[in-house]
Amino acid sequence: MAVWIQEDAKVLVQGITGKQGKFHADKMVEYGTNIVGGCTPGKGGMTVELQGKEFPVWDSMFDAIKDTDADATVIYVPPPFAAEAIMEAADAFDSIKGEGVVVCITEGIPTLDMVKAVSFVNNRPGVRLIGPNCPGIITPGESGGAKLGIMPGHIHAKGRIGIVSKSGTLTYEAVAQTMSIDEGQSTCIGIGGDPVNGTGFIECLAAFESDEQTEAIVMIGEIGGNAEQEAAAWAAENVTKPIVGFVAGATAPPGKRMGHAGAIISGGKGTAEEKFAAFEAAGIACARDPSELGSVLLESLKKAGLR
Amino acid sequence: MQKSVSALFKGGVHFPQFGGNMNIHEYQGKALFEKHGVNVLKGVHCTSVQGALDAYDNLNSKVVAVKSQIHAGGRGKGTLYSPEDRSLVMEGGVKIAFSKEDVEKYATNILGNILVTIQTGEEGKVVNNLYIESGCDIAHEYYLALLVDREAKSVLIMASTEGGVDIEEVAEHTPELLHKVHVDPNAGLLGYQARDLALNLGLKGAAHKSFVKMLGKLYNMFVSNDCAMVEINPLVRTGDDEMVALDAKIGFDENASFRHKEWEDVRDLSEEEDVEIRAKETGLSYVKLDGNIGCLVNGAGLAMATMDVIKLYGGEPANFLDVGGGANEEQVKTAFSIILEDPNVKGILVNIFGGIMRCDIIARGVIAATESLGLEVPLVVRLAGTNVEEGKAILAASELNIYPADDLAEGSQKIVELISGGDE
């Protein structure tokens with residue numbers, strides 16, 4: 001068992017008829033993802049060809065989920081319409097199945113749209129939102145697997161390391177590092193770096209902790225906010241599996257700014273040093289260089305008697 | 001906590017996790033306040049000394065404030081320097097004038113000179129705009145801010161009786177004096193929330209009513225204008241128990257620019273770095289730094305990590321540059337030319353983890369750029385991910401002086417070595 005998305009999960013693609021949506025849906029099918037169709041308002045009834053196969057398109061997420069019993073959806077809808085696409089999917093999953101995973105890849109959604117969308121999703125507790133502005137979520141299989149997003153599928157392999165990250169390409173770096181010590185991944189989750197997003201670090205850590213396939217965790221943070229600090233404090237109390245961490249942005253310069261309001265919300269300034277310190281205080285093994293994530297992970301696995 | 005993050009950076013930079021904010025001047029913010037029914041004093045925006053004198057005559061107020069307009073806080077305690085020789089011109093970027101002569105003196109000392117405040121960095125900003133504002137009878141100064149709280153995922157309103165001072169000090173030493181209200185996006189700002197905040201500020205009678213009315217209007221303005229932050233410091237209670245905004249710091253969420261064409265009228269490009277604007281136009285995120293190793297990376301997180309590792313091996317990054325997820329040959333070329341505009345650059349590290357982006361395309365772009373730009377500094381290229389073998393083969397086959405690297409650590413070490421070798 002992996003986290004949230006199983007290897008054979010039935011997946012819909014919102015915005016499947018758009019350029020981005022079609023391109024990535026094709027790559028998802030190529031990887032082995034069980035795509036069952038897509039949704040684009042106004043394009044219902046047509047089909048889209050992915051990897052030489054035709055896939056149906058619905059006008060409405062309600063119809064798409066009713067007809068396919070889909071488990072999850074990936075959103076490649078442009079920013080002006082993306083928040084509504086999230087809410088449509090959440091409403092449909094909640095009404096029809098009481099559960100579902102909504103992955104939003106779109107970058108550039110207005111923050112106040114996301115405030116509304118996240119509140120809407122949170123009122124439907126069976127629905128999980130991942131993203132927006134993220135690479136998505138992938139559960140590698142024995143052959144193929146479920147790739148819900150834009151990550152390069154071929155760098156992954158099925159295994160026992162859970163990865164959670166705010167950043168896109170840095171997640172790929174972490175995947176490559178696990179591979180460099182012959183470890184595969186259970187599930188890799190890009191939670192996205194937008195100010196207001198869905199699933200956070202703590203929910204991912206909790207899911208990895210209770211997932212049998214996952215035996216160790218890699219957590220990649222970035223400067224800004226205090227989600228990493230809170231996750232570290234939570235992990236110290238609740239996570240028994242080894243965690244390896246990295247935070248990007250240690251050299252980001254303090255510079256010009258306007259107003260003071262942001263700096264005083266939570267007290268902390270969200271610097272990399274603050275976050276590394278919180279990681280270390282929580283017993284998370286830190287790499288100061290992402291190229292060392294592999295060796296730090298190997299050491300942690302040995303220490304835990306897993307290698 | 002969008003703003004505290006961008007607080008660490010130059011305003012308006014597109015690191016994805018910061019969102020980008022577009023800031024406006026105080027005088028533009030006050031016009032927006034007025035439009036939405038938030039009390040402000042009478043004021044006039046001007047760009048010349050004569051304009052300031054005319055404004056003084058028009059305002060017909062014995063006392064006026066002469067205020068420098070730049071996109072940074074701390075103006076009152078800032079210092080003005082001459083752009084020619086950086087000699088001191090005047091202490092204070094916001095001045096109270098008691099006569100027309102004062103207005104002339106202050107306007108002359110401010111316009112065209114460089115204002116350095118705690119938020120501008122040492123280089124400061126040239127002041128091209130002035131705001132001349134009527135005086136008022138101040139009974140007490142408060143602090144008020146609205147912004148998006150990324151942890152609570154909602155709009156946060158903060159207010160304090162300790163206005164007109166450094167609010168970060170208040171937050172640190174007397175947090176009990178900072179009152180917070182989170183607004184449920186579905187319910188909007190509720191009457192009791194505004195009333196409770198007014199009570200916490202000790203406002204009674206007419207002032208209480210004035211505050212509650214103003215806060216409702218401010219919240220509506222915040223939402224309908226896609227603000228990222230509104231800060232009023234100070235918000236004042238006048239002798240007549242009216243609540244009036246004496247300052248206005250407003251930032252918009254740039255992600256919402258597609259539905260706010262009116263922002264083009266208030267955008268002040270002179271407040272943004274020219275090269276950063278050009279980078280943005282080609283879909284690149286670029287921030288100039290003080291070091292000598294240029295970086296070209298895909299993805300903001302990886303770009304930051306690349307800077308970190310360069311520093312870890314004893315080098316100093318010259319820039320942050322994210323070419324994005326799907327860069328083409330042309331963008332890679334533009335990225336190189338932007339990096340090379342910086343005369344401090346002594347070497348370049350390219351770090352690409354190809355996902356959507358294919359390494360062979362990047363390799364061709366790198367070669368095309370180095371050839372057409374006549375690259376003279378050492379170049380280390382680290383490629384990983386999609387089509388990495390083809391990419392490496394293309395680089396290896398070229399006659400150019402390109403050093404390959406297999407991982408970020410090796411690439412960083414190599415570029416640091418090459419640069420220090422060149423100095424000897």
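The values are calculated or read from the model by the stated rules, or taken from the named source; none is laboratory data. Every value quoted in this text rests on a predicted model; they were computed, and no experiment measured them. Heads up, the Cβs are rebuilt from the backbone with ideal geometry, glycines too, and the neighbour counts pull from every protein chain shown.
Could you please let me know if B:Lys414 is in contact with a strand residue (DSSP E or B) (Cβ under 7 Å, 6 or more places away or on another chain) and modelled with pLDDT of 95 or more? Spell out the reasoning first.
On the way: in contact with a strand residue (DSSP E or B) (Cβ under 7 Å, 6 or more places away or on another chain): yes; modelled with pLDDT of 95 or more: yes.
For B:Lys414, the condition - in contact with a strand residue (DSSP E or B) (Cβ under 7 Å, 6 or more places away or on another chain) and modelled with pLDDT of 95 or more - is met.
Kindly indicate which of A:Ala281, A:Ala233, A:Ala206, A:Ala277 is surrounded by fewer than 20 Cβ atoms within 10 Å (Cβ to Cβ), at pLDDT 95 or above, within 17 Å of the chain's Cα centre (by Cα) and away from chain B (no Cβ under 11 Å). Only one candidate qualifies: A:Ala206.
Yes/no matrix, rows are residues, columns are (1) of a type in the set (Ser, Thr, Tyr); (2) in contact with a Cys (Cβ under 9 Å, 6 or more places away or on another chain); (3) within 29 Å of A:Ser167 (Cβ to Cβ):
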{"residue": "A:Lys19", "(1), (2), (3)": "no, no, yes"}
{"residue": "A:Tyr31", "(1), (2), (3)": "yes, no, yes"}
{"residue": "A:Gly42", "(1), (2), (3)": "no, no, no"}
{"residue": "A:Lys116", "(1), (2), (3)": "no, no, yes"}
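Yes or no, residue by residue, for (1) more than 22 Å from B:Ala256 (Cα to Cα); (2) more than 10 Å from every other protein chain (Cβ to nearest Cβ):
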residue	(1), (2)
A:Asp71	yes, yes
A:Val103	no, yes
A:Arg128	yes, yes
A:Ser165	yes, no
A:Leu170	yes, no
A:Ala176	yes, no
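Screening B:Ala396 against (1) more than 22 Å from B:Val287 (Cβ to Cβ); (2) assigned to a loop (DSSP other than H, G, I, E, B); (3) more than 13 Å from chain A (Cβ to nearest Cβ); (4) not hydroxyl-bearing (Ser, Thr, Tyr) leaves a single unmet condition, (2).
Specify the residue that is surrounded by the most Cβ atoms within 10 Å (Cβ to Cβ); the eligible residues are those in segment B:151-193 that are within 11 Å of chain A (Cβ to nearest Cβ), in contact with a strand residue (DSSP E or B) (Cβ under 9 Å, 6 or more places away or on another chain) and assigned to a helix (DSSP H, G or I). Among residues in segment B:151-193 that are within 11 Å of chain A (Cβ to nearest Cβ), in contact with a strand residue (DSSP E or B) (Cβ under 9 Å, 6 or more places away or on another chain) and assigned to a helix (DSSP H, G or I), the one surrounded by the most Cβ atoms within 10 Å (Cβ to Cβ) is B:Ile167. Of all the residues in segment A:1-47, those that are of a type in the set (A, V, I, L, M, F, W, C) and over 19 Å from the mean Cα position of the chain (by Cα) number 5. Assessment of segment A:78-89 against the conditions (more than 18 Å from A:Val118 (Cα to Cα) and either surrounded by fewer than 24 Cβ atoms within 10 Å (Cβ to Cβ) or modelled with pLDDT under 95 (or both)) yields no matching residue.
Residue by residue, here is whether (1) within 11 Å of chain B (Cβ to nearest Cβ); (2) farther than 30 Å from B:Phe252 by Cα; (3) outside any strand (DSSP E or B) holds:
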| site | (1), (2), (3) |
| --- | --- |
| A:Phe81 | yes, no, yes |
| A:Ala85 | no, no, yes |
| A:Gly98 | no, yes, yes |
| A:Gly108 | yes, no, yes |
| A:Leu112 | yes, no, yes |
| A:Val115 | yes, no, yes |
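Of the residues making up segment B:194-208, those that are surrounded by 16 or more Cβ atoms within 10 Å (Cβ to Cβ) and without any contact (Cβ under 8 Å) to a residue 24 or more places away in the chain number 4. For segment B:1-49, a residue qualifies if it is in a helix (DSSP H, G or I), within 14 Å of chain A (Cβ to nearest Cβ) and at pLDDT 80 or above, and the qualifying residues are B:Glu26, B:Gln28, B:Gly29.
Identify the residue in segment B:267-295 that is β-branched (Val, Ile, Thr) and modelled with pLDDT under 95 and, among all such residues, is farthest from the chain's Cα centre (by Cα).
The first filter runs over segment B:267-295 and keeps only residues β-branched (Val, Ile, Thr), leaving B:275, B:277, B:282, B:287, B:293.
Adding the requirement that they be modelled with pLDDT under 95 leaves B:275, B:277, B:282, B:287.
Numbers: B:Val275: 15, B:Ile277: 13, B:Thr282: 20, B:Val287: 12 Å.
If we take residues in segment B:267-295 being β-branched (Val, Ile, Thr) and modelled with pLDDT under 95, then B:Thr282 is farthest from the chain's Cα centre (by Cα).
Of everything in segment B:61-93 that is closer than 20 Å to B:Lys42 by Cα, among the hydrophobic types (A, V, I, L, M, F, W, C) and touching a Phe, Trp or Tyr at 6+ places or on another chain (Cβ under 9 Å), the residue that is surrounded by the fewest Cβ atoms within 10 Å (Cβ to Cβ) is B:Val63. I'd like the residue in segment B:292-318 that is touching a Lys or Arg at 6+ places or on another chain (Cβ under 8 Å) and over 17 Å from A:Ala272 (Cβ atoms) and, out of all such residues, is surrounded by the most Cβ atoms within 10 Å (Cβ to Cβ). In this case the residue turns out to be B:Ile293.
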